Number of protein chains: 2
Amino acid sequence: MTKQIVLKSRPFGIPTADNFETRIVEIPAVAEGEVRLTTKIVSVDPYLRGRMSDAKSYIEPFKMGEPIVSGLVARVTESKADNLNVGDYVMDRLPWQEEMVLTASGLQKVDEKLVPLSYYLGILGMPGLTAYFGLLDIGKPQKGETVVVSGAAGAVGLVVGQIAKIKGCRVIGIAGDDAKNDYLMKELNFDAVINYKTVENMNAAITSACPSGVDVYFDNVGGEISDAVVVQINKGARIIICGQISLYNATRLPVGPRIQPILLKRSALMQGFIVSDYADRFPEGFKALVNWVVSGQLKYTQTIYHGFDQLPEAFIALFEGKNLGKLIVEV
Amino acid sequence: MTKQIVLKSRPFGIPTADNFETRIVEIPAVAEGEVRLTTKIVSVDPYLRGRMSDAKSYIEPFKMGEPIVSGLVARVTESKADNLNVGDYVMDRLPWQEEMVLTASGLQKVDEKLVPLSYYLGILGMPGLTAYFGLLDIGKPQKGETVVVSGAAGAVGLVVGQIAKIKGCRVIGIAGDDAKNDYLMKELNFDAVINYKTVENMNAAITSACPSGVDVYFDNVGGEISDAVVVQINKGARIIICGQISLYNATRLPVGPRIQPILLKRSALMQGFIVSDYADRFPEGFKALVNWVVSGQLKYTQTIYHGFDQLPEAFIALFEGKNLGKLIVEV
């Protein structure tokens, strides 16, 4: 018997605890080729909000009454498979369940001696790879250019800003909390930061922080924050649409200024992507990120909730902007 | 003494005849290295509307009291330059003026025996090159893909649709006139057409015309027509922002559905451009277009106004959708 957390109802607007339900389920015995896993660390991510709705997207919606699935590090506690031993750790997209029995063949083993295990869900996992490919492949930042990142203190934003610094850019972070912005300035050497919640005039703040305009905008949030950045892009600018967290809980079609005339006048590019578009290049990204982490060029921070039962609360906290860096739950 | 047409006042909304003024000006004698030109054909283009406003754009606004400048073919009537003889024709961006004296060195000579002279302002000029680079370089249409073009019967749209057919795509044209749409279907072999003015449900019309969704959208018009196309793009779609004629006369900031969430969910690209971004590749584009025209693979049509004084009226007609193909004025 083990606990799992399932989708009880589809959120309307901001998710609440009522949208989730904890259930006790049986788990089968371990058969040949299978392993038993105990969940150690679970990733909660903004994109999961999309899967909780029943709308067409890049990935199937979660089914009602079935467990939420996200990135997860688990320990092998029983093995009838050649490729995994008891005590090994694996990382994969797996259900929110304390224990589970799975076929071993597809599971990705991770090295707990190289970096802390949680890094495989963050800077060396989906968020790190998202930052790496989005910024470098779409944004193509050049030395001396100005890079603006929204959601700058989030799991992806922190990495984007630091890679942009490594590439010799002027980096401006937008976040909604002075403590987060202090961290970006003092620990990560951002060139300027804007607190979108307290700033009086967002357009004036962007102008002041970006005296040479904006060459690359890595957009994690969308909405009015992005409206203020987009009007200040330079000729040939690149806008990377990575997330739109300000719109994920919208209950009707969001409306805003039309951006096509700006893209036209500035010969600018706007490109959406999901990290799996780059699946065949993950080894390249992973290698680069590991090197930067090990050499100390990339710093990493995370916000940790404790206990399996905290998963829904941790997820909801994402939309309140409570996390600095990657939000994870240690079970 | 010669006639010129100057900007008398900046248009508010749709331009009117009052925004223009005809003046009589002196022209100097021809000095060493100069030629005297007589204007033969003048191009009127939607993008000129942007230059009539006093807003930041990719190109300087026209100055009040100075002549409008656009693509123009002129005949050399007197020459004190080595590179041009009387009877030669040149094409360049030149002022709306019946006669003028200019330095010969920068002028581009065109061959009146290869194709009709007006082609140099259309299919072999800025509109043709715009279609060529926008569609092929940004849109990258692949055989079997679905390409939608708005403003399909305009100077650029006609060429876009035909090149997409040459590349083996399914091509859907959107225009606002049944006679234009008949031309697209019968003469240019488009696969489907939509009359946006008479169609009852634009979304349903797109669904019906694009059963496999939209892979490439070449957008000349913007606004609500484009809204209906963009919601039906496929994963990995490319949207080329070439023009936004529906918004050029907007008197306040246009608002519409936010498209970033769609670009995100479909990993889609939206790119604005202006043909001069490709200036160093014009010879490549010109050569390809000439070959298709001469071989008959690219057909060409135009709408012709007659008389220098008709220039303002011809320009205003662009925004009433009166032209099939390139709109020119023969002087």
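For B:LEU114 and B:LEU136, calculate 0.36 nm times their separation in residues minus their Cα-Cα distance, and state this gained length in nm to one decimal.
Result: 5.4 nm gained on full extension.
Could you tell me what % of all Cα pairs in chain A have separations over 25 Å?
When every Cα pair of chain A is considered, 52 percent fall beyond 25 Å.
State the residue of chain B whose Cβ is nearest the axis carrying B onto A, and the distance in whole angstrom.
B:MET270, 2
What FRET efficiency, computed as 1/(1 + (r/R0)^6) with R0 = 30 Å and r the Cβ-Cβ distance, is obtained for A:LYS3 and A:ASP54, rounded to the nearest 0.05?
Calculated transfer efficiency: 0.70.
How large is ³J(HN,Hα) for each residue in the range A:301-311, as worked out from phi by the Karplus curve 6.51 cos²θ - 1.76 cosθ + 1.60 (θ = phi - 60°), to whole Hz, x for Gly and Pro?
Calculated HN-Hα couplings, in order: 9, 8, 10, 10, 9, 10, x, 4, 5, 7, 4 Hz.
Hand me the trypsin sites (Lys or Arg not before Pro) from the range B:1-69 located in a DSSP loop with no more than 12 other Cβ atoms within 10 Å, in residue order please.
B:LYS56, B:LYS63
With +1 on the Cβ of every Lys and Arg and -1 on the Cβ of every Asp and Glu, and nothing else charged, how large is the dipole of the range A:131-205 about its Cα centre, in debye rounded to the nearest 20?
Around 260 debye, computed over the range A:131-205.
With N set to the number of residues, divide the alpha-carbon radius of gyration of the protein assembly as shown by 2.2 N^0.38 Å and report two decimals.
Ratio of Rg to 2.2 N^0.38 Å for the protein assembly as shown: 1.13.
Full-extension gain between B:ASP227 and B:LYS186, please, as 0.36 nm times their residue separation minus the C-alpha to C-alpha distance.
12.0 nm
Mind listing which trypsin sites (Lys or Arg not before Pro) in the range B:229-331 are in a DSSP loop and have 11 or fewer other Cβ atoms within 10 Å?
Filter output for the range B:229-331: B:ARG252.
Quick one: net charge around B:PHE308, please, counting Lys, Arg +1 and Asp, Glu -1 for every other residue with C-beta under 10 Å from its C-beta.
Combined, the nearby Lys, Arg, Asp and Glu give -2.
What helices in chain B pass both tests, a Cα length along the helix axis of 15 Å or more and a mean Kyte hydropathy of 0.5 or higher, using whole DSSP H runs?
Long hydrophobic helices here: B:155-166, B:282-294.
To the nearest 20 debye, what charge dipole does the range A:127-276 have about its Cα centre, counting +1 at the Cβ of each Lys and Arg and -1 at the Cβ of each Asp and Glu?
Dipole of the range A:127-276, to the nearest 20 debye: 480 debye.
In whole angstrom, note down how far apart the Cα centers of the range B:239-317 and the range A:77-117 are.
54 Å
So for chain A, taking the charge dipole from beta-carbon charges (+1 Lys/Arg, -1 Asp/Glu), which of A:GLN4, A:ILE123, A:PRO211 sits furthest toward the positive end?
A:PRO211
Would you mind computing Rg(Cα) / (2.2 N^0.38 Å) for the range B:126-276, counting N as its residues?
For the range B:126-276, the normalised Cα radius of gyration comes out at 0.95.
Compute the FRET efficiency between B:THR251 and A:ASP178 as 1/(1 + (r/R0)^6), taking r as their Cβ-Cβ distance and R0 = 41 Å, and round to the nearest 0.05.
After rounding to 0.05, the efficiency reads 0.55.
Given label points at 7 Å from Cα along Cα→Cβ, what nm distances, shortest first, separate B:PRO257 from the same residue in every other copy?
Once sorted, the set of distances for B:PRO257 reads 2.2 nm.
In whole Hz and in residue order, list the ³J(HN,Hα) couplings for the range B:167-175 that follow from phi through the Karplus curve 6.51 cos²θ - 1.76 cosθ + 1.60, θ = phi - 60°; x for Gly and Pro.
Result, ordered by residue: 7, x, 9, 7, 10, 10, x, 10, 8 Hz.
With label points built 7 Å along Cα→Cβ from the Cα atoms of B:GLU313 and B:ILE14, find their separation and express it in nm.
Here the answer is 1.6 nm between the modelled labels.
Taking B:LYS165 as the anchor, which lysines have their alpha carbon closer than 18 Å to its alpha carbon, excluding any fewer than eight residues away along the same chain?
Answer for B:LYS165, where 18 Å is the Cα cut-off: B:LYS140, B:LYS143, B:LYS180, B:LYS186, B:LYS299, listed by chain and number.
Near B:SER118, within a Cβ-to-Cβ distance under 10 Å, what is the net charge of the other residues, with Lys and Arg +1 and Asp and Glu -1?
+1
Where a number appears in this text, it was derived from the coordinates with a stated rule and is not lab data. Since this is a predicted model, take the numbers as computed values, not measurements. Neighbour counts run over all protein chains shown; Cβ positions are idealised from the backbone, glycine included.
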